[in-house]
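Note sheet for the following structure.
The values are calculated or read from the model by the stated rules, or taken from the named source; none is laboratory data. This structure is a prediction, so every number in the text was calculated from the model and none was measured. Methodologically, a virtual Cβ is constructed for each residue, glycine included, from the backbone with ideal geometry; neighbour enumeration extends over all protein chains shown.
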Amino acid sequence: MKKIYISPKTETYDIKPASLLAASVTLTGDIDTTNPTPGDAGEAAARELKFSDYFWMAIFFLFSITAGAQNYTTVEPADAPADGKTHGMVLHMKDGTEVTYSLADLQHVTYLPGVGMKVYLKNSATSVDYLYNHIERIDYAQDGNSNANWEAFGWTDYPEAWRLEYPHLNANVSPSAEADKSQIIVKRTDNYGITLSLEWDNSLIANRWTCYELHAGNSLSGADRNDDFKGDPEVAVSPTLDDYRTSGFSRGHLCPSADRQCSVEQNKQTFYLTNMQPQYQSHNGGLWSRLETLVRDFATNDEYTALHCDTMYIVKAATITDKVTINNAEVDGIYAERCVGKGTHELIVPKFFYMALLHYNKETDTYHAIAFWTDHIDETQSVKNLADYAISIQELQARTGIDFFCNLPDVIEEAVEAQEPDLDFWKKITRSTE
């Protein structure tokens, strides 16, 4: 869950209670991103309005009709409120009083730039209105995400790392393109938002993971497969087409082309070589392809899950470390044989491919998770019973050392990680034919 700072001077927000999870805001519109302090994102001095409160209240109501929700401004969050309470929002008024709204009571809050805020309570058709020049500061409830990306990495460098599909970033990650560091790369289009995100290890010349979402807004079918394979200019060390040429390995997608066909631009972004791993074609076109189809079915076909899927959060990856742990025993994570083509780079060949899935149903506000783990071998593998490849997120984390879905509130995260593959929920993963 994302922590949020508000800049009332310049931005308008209509935020649901589940998103009210920041520590504090600065009402001047000037946000200190470098050294936030507990209960305050900067020096919380309310912006003084030069006209009468009645004039601004009139503007307030007019603006509430015309203003729409804008994108978030995110910065590194401050600590939890000093009182230690769990509350949705506390308004610290200039007259010394405090107004507390619990998360359970709030329907949503609309923030209007430079003017004020409208608080809507459940079972009420009207709002409670506040002018910013009456408020000293606003505190929000802490969300209890001890392992979330924002606890270790700044928002300025990694502004999308709060997203639920993101695993925990590698400690070696850098916001700049450095040959011995990892990078976070985000591909997006204006019409359909983020296509995919990935963590690229420049020192290993390998993808650590690719993550993305599937929902009704980004899983349309308006464009054909593009096949425009290419190096990635955003990373310090990118594979090239020559690195694969005559190597015997396929350029195996992680976020597949078939998951991104809303537009030609969106589809082309899946063909960067940073979104791929060297794969035996028997795996790439066989078991892995079948699992990719299954993921799309989980996300878009209500016959495949016990609850409708509003959003599927997806991580796909392969092992790129020398060792992984399976059943408490260390085994090789990569092949000694490398992907050697006509280029200058010898690419890692993973011994295992895997994916982590998080299913969200808006009506019940519930999450369900499952992982799949496959041996990357140069032979045809059975797709008759895909449940044979299913494991829990907890087990996947033990094998890879990667913390998946770390941005969920800890209570939810712990519950979904422990879920064993539930064939009553994840339907149709047993097939009667090869």
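A few remarks follow.
- In region 401-427, the residues that are in a helix (DSSP H, G or I) form Cβ pairs under 8 Å with partners that are among the polar types (S, T, N, Q) and at pLDDT 95 or above, at six or more places apart or across chains, as follows: E417/S392; E417/Q394; E417/Q397; A418/S392; A418/Q394.
- When residues of region 400-428 are limited to those that are in contact with a strand residue (DSSP E or B) (Cβ under 8 Å, 6 or more places away or on another chain) and modelled with pLDDT under 90, the one nearest to P350 (Cα to Cα): L408
- Answer from T311, T300, T274 - the residue that is within 21 Å of F352 (Cα to Cα) and either of a type in the set (S, T, Y) or in the same structural domain as V237 (by TED's automatic domain parsing) (or both): T274
- E292 under 22 Å from T380 (Cβ atoms), part of a loop (DSSP other than H, G, I, E, B) and in the same structural domain as L396 (by TED's automatic domain parsing): no
- Checking each residue in region 186-219 for being more than 17 Å from A236 (Cα to Cα) and in a loop (DSSP other than H, G, I, E, B) picks out D190, N191, Y192, H215, A216, G217, N218, S219.
- Out of D232, D224, one residue alone is assigned to a loop (DSSP other than H, G, I, E, B), at pLDDT below 95 and either acidic (D, E) or outside the structural domain of A318 (by TED's automatic domain parsing) (or both). It is D224.
- Residue identified as among the acidic types (D, E) and over 30 Å from L386 (Cα atoms) among D228, D259: D228
- When the residues of region 238-274 are filtered to those that are of a type in the set (V, I, T) and surrounded by fewer than 19 Cβ atoms within 10 Å (Cβ to Cβ), the one that is farthest from T189 (Cα to Cα) is T246.
- Scan of region 334-350 for residues that are touching a Cys at 6+ places or on another chain (Cβ under 9 Å), within 12 Å of R245 (Cα to Cα) and assigned to a loop (DSSP other than H, G, I, E, B), ordered by number: H345
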